[in-house]
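Below is one structure, written out as C-alpha cells; comments come after it.
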Amino acid sequence: MYAVNLGCDVTLPDEAGLRLDAQLFGESQSRILFTTAPGSEASIAAFAAAHGVRAVPLGTVGGNRVTVRRGTTTLQDASVS
C-alpha cells in the first residue's frame, strides 16, 4: 500500500559490475532522479549532453501500479490502490 495512488513503470539499466543494492540505494553524487513533462525528453538529453552528463530515461509516472525492473527482471510489481 502506498500513500498516494500514483504508480510508475521504471526499467533500470542492467549495468555490468554494479550491484543491485548500490544501484537502488547508493548515495552517489553522480545520480539524480527527476520527472519531467512528456515530450521534453529531447531537450533534457540536449541539456545533459551540453554539460557532459549522461541522461538515461528510466520510465513513466502514472497508472495504478508500481513496477520496477532491472533489465528484463521484475523487482517490484504492486498495486497502489
Problem - Residue-wise HN-Hα coupling along segment 12-21, computed from phi with Karplus coefficients 6.51, -1.76, 1.60 (Hz; x: Gly, Pro) - result: 7, x, 8, 7, 4, x, 9, 5, 4, 4
Completion exercise
Per residue, accessible area of the chain with a 1.4 Å probe, heavy atoms of protein chains only, in Å², comes to 77
Exercise for the section: With the convex hull built on the Cα atoms of the chain, state its orientation-averaged projected area in nm². Expected result: 6.4
Exercise for the section: May I ask you to evaluate 6.51 cos²θ - 1.76 cosθ + 1.60, the Karplus curve with θ = phi - 60°, for each residue of segment 56-72 and list the ³J(HN,Hα) values in order in whole Hz, giving x for glycine and proline? Expected result: 10, x, 10, x, 10, 10, x, x, 10, 9, 10, 10, 10, 10, 10, x, 9
Exercise for the section: For every other residue with a beta carbon closer than 15 angstrom to the beta carbon of ASP14, add +1 if it is Lys or Arg and -1 if Asp or Glu, then tell me the sum. Expected result: +1
Practice task
Report the FRET efficiency, 1/(1 + (r/R0)^6), for GLU15 and SER43, where r is their Cβ-Cβ distance and R0 is 22 Å, rounded to 0.05.
Solution key: 0.30
Exercise for the section: Pull up all non-local amide H partners of LEU75: gap of 5 or more, or a different chain, and H-to-H distance under 5 Å with H placed in the peptide plane. Expected result: VAL68, ARG69, ARG70
Practice task
With θ set to phi - 60°, apply the Karplus curve 6.51 cos²θ - 1.76 cosθ + 1.60 along segment 22-33 and write out the HN-Hα couplings as whole Hz, x wherever there is a Gly or Pro.
Solution key: 5, 5, 7, 10, x, 10, 4, 6, 8, 10, 9, 10
Problem - Label-point gap, in nm, between ASN5 and ALA78 - each point 7 angstrom along Cα→Cβ - result: 1.8
Handout entry: For VAL80, distant residues with modelled amide H under 5 Å away
Key = ARG65, VAL66
Problem - Protein accessible area in the chain, 1.4 Å probe - carbon and sulfur % - result: 58
Problem - Cut-off under 5 Å, modelled amide H: who pairs with ALA55 long-range - result: none
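The values are calculated or read from the model by the stated rules, or taken from the named source; none is laboratory data. Here the structure is a predicted model, which means the values were calculated and not measured. Note that each Cβ is placed from the backbone with ideal geometry, even for glycine, and that neighbours are counted across all protein chains shown. These area figures cover heavy atoms from the full protein model, side chains too; ligands, DNA and RNA do not enter into them. Shrake-Rupley method; radii C 1.70, N 1.55, O 1.52, S 1.80 Å.
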